[in-house]
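Written below as structure tokens is the structure these notes are about.
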């Protein structure tokens with residue numbers, strides 16, 4: 001199966017790396033891990049991703065209450081943060 005295929009059942013449970021289809025080859029390469037002969041796409045479990053978003057939102061609420069930050073990040077900002085921070089690890093499927 002090609003690394004560009006998303007036809008497997010497991011893709012219902014995982015988010016692909018946001019740069020998976022990037023036009024810049026160096027950025028696209030960051031969406032995969034392994035060697036040139038055994039490349040696997042980086043992915044993030046959807047349930048884990050959603051849990052991570054909730055944890056970051058809760059941390060933001062506490063930071064606002066304690067006065068460490070002025071405002072909570074929007075859900076979109078938190079999701080972007082979670083995508084790029086967490087997908088830098090090499091989670092292969």
Identify, please: which residue in segment 25-54 is over 20 Å from residue 85 (Cβ atoms) and out of contact with any strand residue (DSSP E or B) (no Cβ under 6 Å at 6 or more places or on another chain) and is, among those, modelled with the highest pLDDT?
25
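When only residues in segment 9-19 that are surrounded by 12 or more Cβ atoms within 10 Å (Cβ to Cβ) and modelled with pLDDT of 75 or more count, which is farthest from residue 73 (Cα to Cα)?
Per the stated criteria, the residue is 11.
The values are calculated or read from the model by the stated rules, or taken from the named source; none is laboratory data. Worth saying up front: this structure is predicted, and the values here are computed from it rather than measured. In this analysis, Cβ positions are derived from the backbone assuming ideal geometry, glycine residues included, and neighbour counts consider all displayed protein chains.
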